[in-house]
Amino acid sequence: MEIDLTPRLAKKVYGGDGGSYSAWSPSELPMLREGDIGAAKLSLEKDGFALPNYSDSARVAYVLQGNGVVGIVLPEKEEKVLPVKKGDAIALPFGVITWWYNKEDTEFVVLFLGDTKTAHKRGEFTDFYLNGSNGIFTGFSTEFVGRAWDLEESVVKTLVGKQTGKGIVKLGGANLPEPNKEHRDGMTLNCEEAPLDVDIEGGGRVVVLNTKNLPLVGEVGLGADLVRLDGSAMCSPGFSCDSALQVTYIVRGSGRVQVVGVDGKRVLETTVRAGNLFIVPRFFVVSKIADPEGLEWFSIITTPNPIFTHLAGSIGAWKALSPQVLEASFNVDSDTEKLFRSKRTSDAIFFPPPK
């Protein structure tokens, strides 16, 4: 499989005083198109407001930085206005209308990862804004808008032409609805505060986002996880055994990554840093070693309840095989096999640095 897996940074698509919208392009990261995956990032400055819109793709949103407000309208439902903060993951099924606002001094940054199988362009999100210079209102004639909403032409012209911003605007003293903490229930999960699914002292920690702790991911069709690897620790070589792609965004720190694919060929060996996005193809084996400052990443997996097989540690697939099979497979004697089996005896997928 000859395909470029090099990690990439997002590039700005549009923006202004209120903030910016950036995305990863399939032309630079071919695995986006190959895997039908979209990836983008919204950054809002103080008083930045992302106008109401919907996407052609189901997505998971993850708050990378700051505090903000998101308005969500599910099909045929009332608007929910959620306070969101760093570490929050929000499942956004098809047909969901959202708006985002930042009233704090700190920049508010949200990552979007999703499935583009039904999108207009493979590997890209297409967002449909309800208003603004590129909004739905501007495409219809004043006659159609007036008849649809039973409005006079003068009012229609004001509605259509008053908002000249595109996608993101900066508000001045706008009276937006106050967020309701109760609206968070069932809509979002904070991955930095949720119970840990894996916790290895000196190694790392994992929180898995699935249909048990956030049922809406079932409608999105994606699972996700937040992984925090301690300084110089290692994540065991492993692969998705249910034909899922793994799309990884580096949240913090840096580290080395190796990916091995078909015919035992190493298809990626690189250093990843905060802001990088890379994709591991189906069944390819990936392993990471954190630099001294540690490594943190957020991933989506293209199934809502992913299953992984790890190759090292006592839970690794190699240890499940009988000694005779290992001897024959490696073409080694029993002493070498016993040495191999005696190492990494803990139930772990993260390994602390050597002492």
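The values are calculated or read from the model by the stated rules, or taken from the named source; none is laboratory data. What you are looking at is a predicted structure, and each value in this text was computed from that prediction instead of being measured. Using ideal geometry, Cβ is built from the backbone for each residue, glycine included, and neighbour counts are taken over all protein chains shown. All accessible areas refer to the heavy atoms of the entire protein, side chains included, with ligands and DNA or RNA removed. Shrake-Rupley method; radii C 1.70, N 1.55, O 1.52, S 1.80 Å.
Only one of the numbered conditions (1) assigned to a loop (DSSP other than H, G, I, E, B); (2) without any contact (Cβ under 8 Å) to a residue 12 or more places away in the chain; (3) of a type outside the set (Ser, Thr, Tyr) is not met by Gly202, and that is (2).
Restricting the range 136-172 to residues that are part of a loop (DSSP other than H, G, I, E, B) and under 26 Å from the mean Cα position of the chain (by Cα), the residue that is nearest to Val73 (Cα to Cα) is Gly167. With the structure loaded, tell me whether Val267 is hydrophobic (A, V, I, L, M, F, W, C), open to solvent by less than 10 Å² (accessible area, probe 1.4 Å) and in contact (Cβ under 8 Å) with a residue 12 or more places away in the chain or whether it fails that test. So Val267 fails the test.
Taking the stated definitions as given, is Gly16 in contact (Cβ under 8 Å) with a residue 12 or more places away in the chain and surrounded by fewer than 16 Cβ atoms within 10 Å (Cβ to Cβ)? Yes, satisfied. Of everything in the range 251-268 that is under 21 Å from Ala290 (Cβ atoms) and charged (D, E, K, R), the residue that is modelled with the lowest pLDDT is Arg266.
For the range 21-56, residues that are assigned to a strand (DSSP E or B) and either outside the structural domain of Gly68 (by the TED database) or polar (S, T, N, Q) (or both) total 4. Quickly run through the range 251-264 and pick out the residues that are of a type outside the set (A, V, I, L, M), open to solvent by less than 50 Å² (accessible area, probe 1.4 Å) and closer than 29 Å to Gln65 by Cβ. Gly253, Ser254, Gly255 - these are the residues of the range 251-264 that are of a type outside the set (A, V, I, L, M), open to solvent by less than 50 Å² (accessible area, probe 1.4 Å) and closer than 29 Å to Gln65 by Cβ. Scanning the range 219-250 for residues that are open to solvent by 40 Å² or more (accessible area, probe 1.4 Å) and farther than 16 Å from Ala290 by Cβ yields a total of 5.
Quick grid of which residues meet (1) among the hydroxyl-bearing types (Ser, Thr, Tyr); (2) open to solvent by 50 Å² or more (accessible area, probe 1.4 Å); (3) in the same structural domain as Gly294 (by the TED database):
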position	(1), (2), (3)
Gly139	no, yes, no
Gly146	no, no, no
Lys162	no, yes, no
Pro177	no, yes, no
Pro195	no, yes, yes
Lys212	no, yes, yes
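Reported count of residues in the range 7-20, each being assigned to a loop (DSSP other than H, G, I, E, B) and modelled with pLDDT of 95 or more, is 4.
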